[in-house]
1. With the condition kept exactly as written, say whether any residue in the range A:165-174 is modelled with pLDDT under 95, within 14 Å of chain B (Cβ to nearest Cβ) and within 24 Å of A:D53 (Cα to Cα).
2. Report, by residue number, each residue of the range B:82-117 that is in a strand (DSSP E or B), more than 17 Å from B:V43 (Cβ to Cβ) and either of a type in the set (D, E, K, R) or free of Cβ contacts under 8 Å to residues at least 24 places away in the same chain (or both).
3. Being surrounded by fewer than 19 Cβ atoms within 10 Å (Cβ to Cβ), touching a residue at least 24 places away in the same chain (Cβ under 8 Å) and of a type in the set (D, E, K, R) is the requirement here; does A:R166 meet it?
4. How do the strands (runs of 3 or more DSSP E) wholly within the range B:16-59 filter down when requiring 3 or more residues that are closer than 14 Å to B:Y117 by Cβ and either more than 9 Å from every other protein chain (Cβ to nearest Cβ) or within 9 Å of the chain's Cα centre (by Cα) (or both): which remain?
5. Where the second residue is buried (at least 21 other Cβ atoms within 10 Å of the Cβ) and the first is free of Cβ contacts under 8 Å to residues at least 12 places away in the same chain and lies in the range A:218-244, which pairs have Cβ atoms under 8 Å and are six or more apart or on separate chains?
6. Answer yes or no: is there a residue in the range A:202-209 that is without any contact (Cβ under 8 Å) to a residue 12 or more places away in the chain and either surrounded by fewer than 20 Cβ atoms within 10 Å (Cβ to Cβ) or assigned by TED's automatic domain parsing to the domain that holds A:Y148 (or both).
Amino acid sequence: MSSRARAPLAALAGLGAAIVAFYGAPVWTTSAAAAALGEVPPPRFSDGMVRFDRAPGEKGYWSLPSASSLIEEGVSVKMDARGRLANLADASRVAPFQPWALALYQYRQKNDFVDDPMHECIGPGNPRAMLTPGGIRIIQDRNYNRVYILYGGGNHGWRVIFLDGRKPPDPDEVVGTFYGNAVGHWEGDTLVVESIGFNTRFWFSNGGLPHTEALHLTERFSRPSHDVLRYEVTIDDPRTYTRPWKSAWTFRWVPGDIAEYYCETGRP
Amino acid sequence: MRVLLMSLMLSVAAVGHAQEGFPLDGTWRGQRVAGTDTPVTIVMVLGWDGKTISGLIDPGPKSIQITKAELIPEGWRVKIEAHTKSGEAISFTGAIGKLGAYDRTITGTWIEGARSYRVRMVRE
């Protein structure tokens with residue numbers, strides 16, 4: 001191998017060494033996907049489990065979501081940062097709506113989201129909280145087999161995901177909440193979360209997508225590289241949509257801390 | 001003290017919450033009015049299972065089962081049919097107002113037997 005060809009590899013190795021030094025020697029395991037892209041692999045715990053939060057000594061959080069609203073995977077329509085469609089005629093392409101749900105979505109779009117509960121500081125709920133500015137942190141509490149997600153936007157809320165093997169609650173018995181009742185498990189490096197038991201006091205996406213109490217979310221979190229978090233959510237709400245559908249976006253790792261912020265009426 | 005606590009619990013339970021899902025879901029309360037007759041309070045409880053709207057008029061010992069209900073998104077029109085205990089047909093047609101508000105309304109005409117009433121209901 002020529003010295004010219006070796007230079008990028010040496011630089012990459014140097015970068016890895018610098019990060020290890022900076023982060024206080026976390027355990028790193030080669031991620032084939034990240035390595036193939038020339039990116040830094042995600043940090044891991046000593047037993048190899050991927051870390052979704054900071055490695056020891058590091059400061060940072062997830063932000064800059066690549067999408068502004070839920071939209072069915074594979075569909076491309078123009079919308080602004082609030083999820084407002086550039087062309088209202090595209091509404092029916094955003095998700096497989098039931099007729100009433102499409103009409104309500106169009107109504108909200110036409111009214112410039114004037115009735116958005118977030119204008120009154122009602123929490124964004126899930127998964128809209130994964131779209132709000134302000135960033136998120138994903139804290140793995142391995143002592144209690146739980147994951148906490150802390151939100152920097154909306155009303156600065158947080159949610160808990162139980163990974164202790166418990167069953168989801170009976171949908172007929174559960175009291176609906178903004179984040180639902182979530183249980184999770186690992187599939188390799190992917191955290192898979194099932195949530196039911198939502199109330200209907202919030203819009204579950206920017207842009208005004210409706211849902212009912214029958215909402216069932218399946219979320220998949222993965223960290224293909226140090227700087228990228230992939231988030232995928234499957235929406236199953238047969239009272240609102242004609243079939244389950246999927247949306248996905250990514251976050252970028254941002255150095256620093258989530259800034260203090262609280263919602264004030266009229267300024268979500 | 002017990003009465004005070006009960007009053008407090010009831011007042012908390014009565015606080016309305018926004019309902020951003022299916023527009024007809026929930027409890028609706030209003031009055032039907034005809035001429036100089038004393039207005040009669042009507043309560044409707046409606047629910048949506050993804051295919052059918054079902055519900056009750058005046059839930060309780062004298063409740064009436066709704067036999068057919070429809071929400072037409074064009075104009076947010078509502079059509080409800082039922083029969084009184086004595087077998088008279090009830091037909092309520094109206095339209096939703098303040099669609100985006102938690103205290104949205106249905107205003108329309110209630111026909112029961114041969115009589116026609118004006119009705120305005122508010123979602124609780």
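1. So far as the range A:165-174 goes, no, none of its residues is modelled with pLDDT under 95, within 14 Å of chain B (Cβ to nearest Cβ) and within 24 Å of A:D53 (Cα to Cα).
2. Of everything in the range B:82-117, those that are in a strand (DSSP E or B), more than 17 Å from B:V43 (Cβ to Cβ) and either of a type in the set (D, E, K, R) or free of Cβ contacts under 8 Å to residues at least 24 places away in the same chain (or both) turn out to be B:H83, B:S91, B:T93, B:A95, B:G97, B:T109, B:I111, B:R115.
3. Values: surrounded by fewer than 19 Cβ atoms within 10 Å (Cβ to Cβ): yes; touching a residue at least 24 places away in the same chain (Cβ under 8 Å): no; of a type in the set (D, E, K, R): yes.
For A:R166, the condition - surrounded by fewer than 19 Cβ atoms within 10 Å (Cβ to Cβ), touching a residue at least 24 places away in the same chain (Cβ under 8 Å) and of a type in the set (D, E, K, R) - is not met.
4. On the way: elements: B:26-33, B:40-48, B:53-57.
Filter on the range B:16-59 gives B:26-33, B:40-48.
5. Every condition considered, the pairs that remain are A:P244/A:I235.
6. Start the filter on the range A:202-209 by keeping residues that are without any contact (Cβ under 8 Å) to a residue 12 or more places away in the chain, which leaves none.
Looking through the range A:202-209, none of the residues is without any contact (Cβ under 8 Å) to a residue 12 or more places away in the chain and either surrounded by fewer than 20 Cβ atoms within 10 Å (Cβ to Cβ) or assigned by TED's automatic domain parsing to the domain that holds A:Y148 (or both).
Condition check ((1) in contact with a Phe, Trp or Tyr (Cβ under 8 Å, 6 or more places away or on another chain); (2) buried (at least 18 other Cβ atoms within 10 Å of the Cβ); (3) within 11 Å of another protein chain (Cβ to nearest Cβ); (4) over 30 Å from A:W253 (Cα atoms)) across all residues:
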position: A:A89; (1), (2), (3), (4): no, no, no, yes
position: A:V114; (1), (2), (3), (4): no, no, yes, yes
position: A:G123; (1), (2), (3), (4): yes, yes, no, no
position: A:M130; (1), (2), (3), (4): yes, yes, no, no
position: A:D141; (1), (2), (3), (4): yes, no, no, no
position: A:R146; (1), (2), (3), (4): yes, no, no, no
position: A:G152; (1), (2), (3), (4): yes, yes, no, no
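The values are calculated or read from the model by the stated rules, or taken from the named source; none is laboratory data. Quick caveat: nothing in here was measured; it's all calculated off a predicted structure. With ideal geometry, Cβ positions are generated from the backbone for all residues, glycine too; neighbour counts draw on all protein chains shown.
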